[in-house]
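Notes to accompany the following structure.
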Amino acid sequence: MSAGDELERENLVINFRSWIGRATPIARAMLLAALIVTARGATQPNAGAQEPAAGADATTNAATSPLEGNFLANVRQVTKGFIKAGEGYFSPDGKEIVYQAITPDYVFYQIFMQPLAGGSPRRVSTGRGRTTCAYFSPDNRRILFASSHLDPKLSETEAAARAQEAEDARSGRKRRYDWPFDPYSDIFEVDRDGGDLRQLTTELGYDAEGAYSPDGKQIAFCSNRDGDPDIYVMNADGSEVRQLTNAQGYDGGPFISPDGQWVVFRSDRKQEGFLQIYVIGIDGQNETALTDNNGVNWAPYWHPTEPYITWTGADHSDPTARPNYDLWLMRCGRENGRITPGPITRVTDHPGADVLPVFSPDGQHLMWTSSRSSDRSSQLWYGDFRLPE
Ligand SMILES: [Ca+2]
Ligand SMILES: [Ca+2]
Ligand SMILES: [Ca+2]
């Protein structure tokens, strides 16, 4: 079955911190073969053609395989009641999470936070526009996210998305997903109750994928303000924007290292549609590729205390095989003032998609987005985590 056939057959959703809006049609088709296209048209990874593990229960760790048991324990689903939810991040005290989710009554993702231990989700974004990529400020007082609610034709944008959804539902058609870099996307911050909304970027073009530095003084983000998506850093109040990368291609998903000196990100500069993990100094120097394989590698995230990164990867070397998105771990080295690639360990092997991993602030837990849920929707999952011996 070709990727295109599979795509037509499947549902699709997409997360923009992760996926490729500018890939060639062939590369895009390869990538999208790994995704589910829902009539809603947002993105998330594919649940996979294979069935979830027999007897998998959304609230127990029955879905954990022997391999996963080497690193994960007490795995459980932490979001429910949404059509889908994902890309979660921990509060600095590890007690709350912030994430994006689609509810039955609105067409685009909105940003929600909730206690990790359980409790009602609370929306902190405005309720309108495409939103993504939330993050807690290190002082636990503010929430960062990207939103397109200032789109001057927002009502038309929403109506078009709803109309497409309704038409697809009527016709049964599964649309090929094509992520728009929403030109009205900007980065905002709000109080924990959603109040005191402040706009941090104002350039026309896609500004999103933002995350604070551990000291709260800087924000790394992705912008295509000059026509090509690149990594930028600005002060936390939006001032003093500096561009770190300038390679042709989608450089995105940046996170600043625990020591504040490095930015890890992913890029398709080497081959369109094949993302690799890179690291660059906060000063824009000493850029190094950490992965170089025949796959898609994205959503890198730093361990808070040990020299590890985790990320999402899938093997795309066989165009006839369905890529299984899983979580990976690399122990990084240091050499001549650079961060260097080290041994790689696979953390998950569930047939459902496992993407967007983040460590808890104490490094003792892992949260990620997975379609291993009993209804195969993408939801946030969480477990105890231990590094390899
Ligand atoms: Ca913008
Ligand atoms: Ca670029
Ligand atoms: Ca998987």
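The values are calculated or read from the model by the stated rules, or taken from the named source; none is laboratory data. Not measured: the values here are computed from a predicted model. Because the Cβ atoms are built from the backbone with ideal geometry, glycine has one as well, and the counts that use them run over all protein chains shown. Accessible surface areas use protein heavy atoms only, side chains included; no ligands, DNA or RNA. Shrake-Rupley method; radii C 1.70, N 1.55, O 1.52, S 1.80 Å.
Values for this structure:
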read-out: ³J(HN,Hα), Karplus 6.51/-1.76/1.60, whole Hz, each residue of region 115-122, x for Gly, Pro; value: x, 5, 6, x, x, 6, x, 10
read-out: Distance from region 257-285 to region 72-129 (C-alpha centre basis), Å; value: 27
read-out: Area of residue 331 that stays accessible when all protein chains are in place (1.4 Å probe, Å², to 10); value: 110
read-out: Where labels lie 7 Å past Cα in the beta-carbon direction, separation of residue 117 and residue 387 in nm; value: 2.8
read-out: Interchain or long-range residues, amide H under 5 Å from residue 374's placed H; value: 58
read-out: Farthest toward positive dipole pole in region 300-389 [+1 Lys/Arg, -1 Asp/Glu at C-beta], among 387, 364, 329; value: 329
read-out: J(HN,Hα) series, region 253-264, from Karplus relation 6.51 cos²θ - 1.76 cosθ + 1.60, nearest Hz, glycine and proline x; value: x, x, 9, 7, 5, x, 8, x, 9, 9, 10, 9
read-out: Peptides 370-383, 246-259 ordered by average Cβ neighbours within 10 Å, highest first; value: 370-383, 246-259
read-out: Whole-Hz couplings from phi, Karplus 6.51/-1.76/1.60, listed for region 294-304; x for Gly and Pro; value: 8, x, 10, 10, 7, 6, x, 8, 7, 6, x
read-out: Amide H within-cut-off set for residue 109, under 5 Å, with H built and near neighbours excluded; value: 131
read-out: Extension gain (nm, one decimal) between residue 240 and residue 293, 0.36 nm per residue minus Cα-Cα; value: 15.5 nm
